[in-house]
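What follows is one structure encoded as structure tokens, with my remarks underneath.
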Amino acid sequence: QVQLVESGGDLVQPGGSLRLSCVASGSIFSIYAMGWYRQAPGKQRELVAAITGGGRSNYADSVKGRFTISRDNAKNTVYLQMNSLKPEDTAVYYCNADLISTGTFRRTSYWGQGTQVTVSS
């Protein structure tokens, strides 16, 4: 059994900052890429940022220069530092991990339950 648990979502004013965290736990053999996606009401889920085990990252154009993804491999944790937040960043943010569990030894994508980020004055 593998679990991804996000935290850090909140209500913040435009221009503010938030830091999201996601911890992967359970029967994990190895984690490859980890990432953050978001889904706003009425829209499709979209990639925000992703990071490989070696630390290479990529970002959606809409968040480049404002968001920073990082990870702590020893803690199976991925972070998303969000600065200069805009109302259009409002969404449910989901953590994703591409990993191999000791239960199946198959590379599988796992998702967290999501954390709400609301940017509003």
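The values are calculated or read from the model by the stated rules, or taken from the named source; none is laboratory data. Since the model is a prediction, treat every value here as computed from it, not as a measurement. Backbone-built Cβ (ideal geometry, glycine too); neighbour counts: all protein chains shown. The protein model used for the area step is the full one, side chains on, heavy atoms only, and it has no ligands, DNA or RNA in it. Shrake-Rupley method; radii C 1.70, N 1.55, O 1.52, S 1.80 Å.
Could you list, in sequence order, all residues of the range 4-30 that are under 14 Å from the mean Cα position of the chain (by Cα) and within 14 Å of Leu99 (Cβ to Cβ)? Of everything in the range 4-30, those that are under 14 Å from the mean Cα position of the chain (by Cα) and within 14 Å of Leu99 (Cβ to Cβ) turn out to be Leu4, Cys22, Val23, Ala24.
Residues in the range 68-121 that are under 15 Å from Ala40 (Cα atoms) and charged (D, E, K, R): Lys86, Glu88, Asp89.
Of all the residues in the range 95-112, those that are touching an Asp or Glu at 6+ places or on another chain (Cβ under 7 Å) and in contact (Cβ under 8 Å) with a residue 24 or more places away in the chain number 3. Counted as qualifying within the range 56-111 are no strands (runs of 3 or more DSSP E), as none has 3 or more residues that are closer than 17 Å to Ser7 by Cβ and of a type in the set (Gly, Ala, Ser).
Condition (residue is surrounded by 14 or more Cβ atoms within 10 Å (Cβ to Cβ), within 17 Å of Leu18 (Cβ to Cβ) and touching a helix residue (DSSP H, G or I) at 6+ places or on another chain (Cβ under 6 Å)) applied to the range 103-120: is it met by at least one residue? Yes; the residues of the range 103-120 include at least one that is surrounded by 14 or more Cβ atoms within 10 Å (Cβ to Cβ), within 17 Å of Leu18 (Cβ to Cβ) and touching a helix residue (DSSP H, G or I) at 6+ places or on another chain (Cβ under 6 Å).
When the criteria are applied in full, Tyr32 fails the requirement of being within 16 Å of Ser7 (Cβ to Cβ) and part of a strand (DSSP E or B).
To keep it simple, each residue is scored yes or no on (1) modelled with pLDDT under 95; (2) touching a Ser or Thr at 6+ places or on another chain (Cβ under 7 Å); (3) open to solvent by less than 60 Å² (accessible area, probe 1.4 Å); (4) under 21 Å from Tyr59 (Cα atoms).
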position: Gly9; (1), (2), (3), (4): no, yes, yes, yes
position: Pro14; (1), (2), (3), (4): no, yes, no, yes
position: Ser21; (1), (2), (3), (4): no, yes, yes, yes
position: Ser25; (1), (2), (3), (4): no, no, yes, no
position: Ile31; (1), (2), (3), (4): no, no, yes, yes
position: Met34; (1), (2), (3), (4): no, no, yes, yes
position: Arg38; (1), (2), (3), (4): no, no, yes, yes
position: Arg45; (1), (2), (3), (4): no, no, no, yes
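Any idea which residue in the range 67-87 is surrounded by the most Cβ atoms within 10 Å (Cβ to Cβ), counting only those that are over 12 Å from Arg19 (Cα atoms) and not polar (S, T, N, Q)? Once the filter is applied, the top-ranked residue is Arg71.
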